[in-house]
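Each reported figure results from applying straightforward, stated rules to the coordinates on display, with no laboratory input. Here the structure is a predicted model, which is why all the values come from computation and not from measurement. Using ideal geometry, Cβ is built from the backbone for each residue, glycine included, and neighbour counts are taken over all protein chains shown.
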Amino acid sequence: MNSAPPKIHSAKTRYLVAMLVLAGAAGAAVVYCFNPSTCGFYPVCQFHRLTGLNCPGCGMTRALHALLHGNFSAAWRDNALLLGGAGVLAVRGVWYGWQKVPARAGAKFFPKIFLWLLLAIVLTFTVLRNLPAGAFLSP
Ligand SMILES: [Zn+2]
């Protein structure tokens, strides 16, 4: 009988996750230090430039800058999806981490229904922020 704990993640997966976390931290440090509203080196949204419409990511960098500085109202004003998404991810991360290790081994961080729900929210947010009634969601 094998009593060894189940292997949850391979070394390759842990390495990739560590690289993603490091890249995210480095990107967040740049956004924290350089205000996207005043620094011109950030990329411009090509969807907005070509269509004049706001994509789900429009205002995301400014919202991240505001969020990293603790300005939640500005973050909400620039991109409500970032603030809402960060909250959902935080709750999901705590819930995922709270589960016992053997039960977690086969569990996915994002079940399929969650991904479909996320897609529906992003599409609804995109449509709403481009309608006159949803102008409060525009950056
Ligand atoms: Zn955009």
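Couple of notes before you dig in:
- The chain, relative contact order in percent, only Cα pairs under 8 angstrom and at least six apart counted: 24 percent
- Taking label points 7 Å from Cα along the Cα-to-Cβ direction, residue 14 and residue 55 give a separation of 3.6 nm.
- Distance (nanometres) between label positions extended 7 Å along Cα→Cβ at residue 91 and residue 23: 2.9 nm
- Rounded FRET efficiency, nearest 0.05, which uses the C-beta distance separating residue 44 from residue 123 and R0 of 25 Å: 0.65
- Value of Rg to Rh for the chain (Rh from inverse mean 1/r over Cα pairs, i.e. Kirkwood): 1.06
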